[in-house]
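Below is one structure, written out as structure tokens; the observations come after it.
What follows is calculated from the coordinates using simple rules that are stated; it is not laboratory data. Just so you know, these numbers come straight off a predicted model, no measurement behind them. Cβ: placed from backbone, ideal geometry, glycine included. Neighbour counts: every protein chain shown.
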Amino acid sequence: MKENPKIQGIIESIFLSAIDRVTKDGAIQTISRLYVQLDADAGEIQIFDEPEHLLKKKVIFDWADPRNKGAVFLQRKLAMIRSAIARVVAKGAFNHPKCSKPFFISLVDDEFKESEVLFGQKEQSEKGEECLMEGLEKELDDFYRKLFPDME
């Protein structure tokens, strides 16, 4: 299975359509997570919102090809999905007021158990806290080195 711009475009349109559906739905106030399910046998990608409500599904026939099965092909499919998500992010699709932050897109199994985070967008304050914690961690490490110099 080769990288295919047509498939990339299909995946992008699936995510854009799912977000468009969420933003136009008056019953949905905010969304902080999307769930992606892959059916390897059928070559299907499904996107759900928080209440596990199906937003969009599509069969990608190249993915249904029996030669495109297994862990190697799954990693290629996930790489294609991540690439498509990056393009959707670049278009600002997740900047809609209904998309709260932090916002995540997760790969889930049939029982909605998360197996991998495909995308994560944190709030600005969380990014600042992360930098602060890194600085504090370095200071703490330096303090311990000075306190216990013979432990290195």
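Given the options 60, 31, 105, which has the most mean-square fluctuation in a GNM of the chain, springs set between C-alpha atoms less than 10 angstrom apart?
Comparing 60, 31, 105 in a Gaussian network model of the chain, the most mobile one is 60.
For the chain, what is the mean residue ellipticity at 222 nm derived from helices alone (per DSSP H run of n ≥ 4: -39500 (n - 2.57); sum divided by total residues; nearest 500 deg cm²/dmol)?
Result for the chain: -15000 deg cm²/dmol, rounded to the nearest 500.
May I ask for the angle, rounded to the nearest 10°, between helix 124-147 and the longest principal axis of the chain, with both axes built from Cα atoms and the value confined to 0 to 90°?
Rounded to the nearest ten degrees, it is 40.
What are the residues whose amide H is under 5 Å from the amide H of residue 56, where those residues sit 5 or more places off or on another chain and H is modelled from the backbone?
Excluding prolines and chain starts, which carry no amide H, the hits are 47.
Ranking request for peptides 88-99, 5-16: highest mean number of other beta-carbon atoms within 10 Å first, then the rest in descending order.
Result, highest mean first: 5-16, 88-99.
Residues with amide H under 5 Å of residue 44's amide H, sequence separation 5 or more or different chain, H placed in the peptide plane at 1.01 Å from N; which?
The answer is 39, 60.
How tilted is helix 5-24 with respect to the longest principal axis of the chain? Cα atoms for both, answer in degrees (0 to 90, nearest 10).
Once rounded, one gets 80 degrees.
Which of the pairs 24/77; 24/56; 101/138; 98/138 have their Cα atoms more than 26 Å apart in this structure?
24/77; 101/138; 98/138
About its Cα centre, how strong a charge dipole does the chain have in debye, to the nearest 20, once Lys and Arg get +1 and Asp and Glu get -1 at the Cβ?
That gives a dipole near 940 debye.
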